[in-house]
Amino acid sequence: MMLGNKVTVFSGTGYIGREVVNALSKAGYETTVCVRRPERYRDFALFANTRLASLTSYDETSQLEAALKDADIVINLTADRLNGTEMVALDDLVEVNQKIKQACEHAGVQRVLSLSQVGATASQEADEYLYRLGEADALMHGIARADVTIFKAGLIIGEHDDTTQRYVKQLNRFDLLMLAHGDTVVQPIWVRDLAQAMVQSIKQADTFGKKIEVVGEERLTLKELGELVVELMQKDAVVFPMCSLNAKFMAALGVLTPVRSISKSQIMMLKQDLIADTDFATQFGFAPSSLEWVVSNYAAPHHIRERYNFYRKEAKRSADELV
């Protein structure tokens, strides 16, 4: 397949999208990011070969067609729950993906990459979130005349995430870390590693037509993840898992609650284990960043980060890995 260089990204302004667009820019792709209000995202001009396209609604067929004109590749990140005002509501997710599917088929897009989550399936009717993700996955996977890859990610972490960063904020307020779903087992993956894996998979034929589970190498419970954050912050704090009812109540209070470590999206997304028997390095040809290194970037005190930098320099690690 002779694949061109033009990419259109849907829901590309969120936590995950910014890293994907950055990776596309570094790889030399010509990228169009669809947004409702382009004036809010002028900073995307800092990414080379990147432009914004107005998409006020997925019902605007003419805008969808314009965004996909001459596009060879589509990256669909509508599953991202950290996309602010650009986020696609869960109730609209399936309908929006249906419209993206139709637009891709009409435009003759050759390559499609779509974000999902471990455990998403249209047979999971007991869990509305995973069920709707599974329905959206089925739609995208069925795009006619396109090579499609579904990336079913585990717990995505990094600065500004909705889990470990919340733990940090809570511990900066009190030496008590309250968290939801403490027994849930996860294999965290750094958002930048996920973005790199997606972008380098664009032209990898062995990923075509696949649904790939993307997780990190280290497996632990959310309670253990909270304890790691406590350790890295050098706090003498108690990690206190909350029952589902109390967690929902705290999340519902929003900014009024003293608990900054629990959110509605956590409660929705982390009810089930996010683990897989896949090996990231084998799948993508590079080792994922260690959990401790990723979290230390924004959780560890400054003098600890400096010590990590010393060890990395001694080991002749990449300058990009310096904190």
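The values are calculated or read from the model by the stated rules, or taken from the named source; none is laboratory data. Quantities reported herein were computed from a predicted structural model and do not represent experimental measurements. Quick reminder, even Gly has a Cβ in these numbers, built from the backbone with ideal geometry, and neighbours come from all protein chains shown.
Assorted remarks:
- Contacts under 7 angstrom Cβ, first residue in region 77-101 being closer than 19 Å to THR8 by Cα, partner assigned to a helix (DSSP H, G or I) and among the hydroxyl-bearing types (Ser, Thr, Tyr), 6 or more apart: ASP80/TYR15
- Across region 191-211, the number of residues qualifying as surrounded by fewer than 20 Cβ atoms within 10 Å (Cβ to Cβ) and either in contact with a Phe, Trp or Tyr (Cβ under 8 Å, 6 or more places away or on another chain) or in a loop (DSSP other than H, G, I, E, B) (or both) comes to 6.
- Total residues in region 150-190 satisfying the condition of being polar (S, T, N, Q) and assigned to a loop (DSSP other than H, G, I, E, B): the figure is 3.
- Test: residue in region 39-52 that is in the same structural domain as MET140 (by TED's automatic domain parsing), within 17 Å of LEU93 (Cα to Cα) and buried (at least 20 other Cβ atoms within 10 Å of the Cβ): no
- The residues of region 1-16 that are within 19 Å of the chain's Cα centre (by Cα) and either closer than 20 Å to LYS99 by Cα or not assigned by TED's automatic domain parsing to the domain that holds LYS69 (or both), listed by number, are VAL7, THR8, VAL9, PHE10, SER11, GLY12, THR13.
- Cβ-Cβ under 7 Å pairs, at least 6 apart or on other chains, region 8-24 side without any contact (Cβ under 8 Å) to a residue 60 or more places away in the chain and of a type outside the set (Lys, Arg), far side part of a loop (DSSP other than H, G, I, E, B) and buried (at least 24 other Cβ atoms within 10 Å of the Cβ): VAL21/GLY12
- Filtered residues of region 29-71 (kept if assigned to a loop (DSSP other than H, G, I, E, B) and over 21 Å from the mean Cα position of the chain (by Cα)): ARG37, ALA48, ASN49, LEU55, THR56, SER57, TYR58, ASP59, GLU60, LYS69, ASP70, ALA71
- Some residue of region 123-130 being small (Gly, Ala, Ser) and modelled with pLDDT under 95: yes
- Residue within region 104-119 that is at pLDDT 95 or above, assigned to a helix (DSSP H, G or I) and closer than 23 Å to ALA197 by Cβ present: yes
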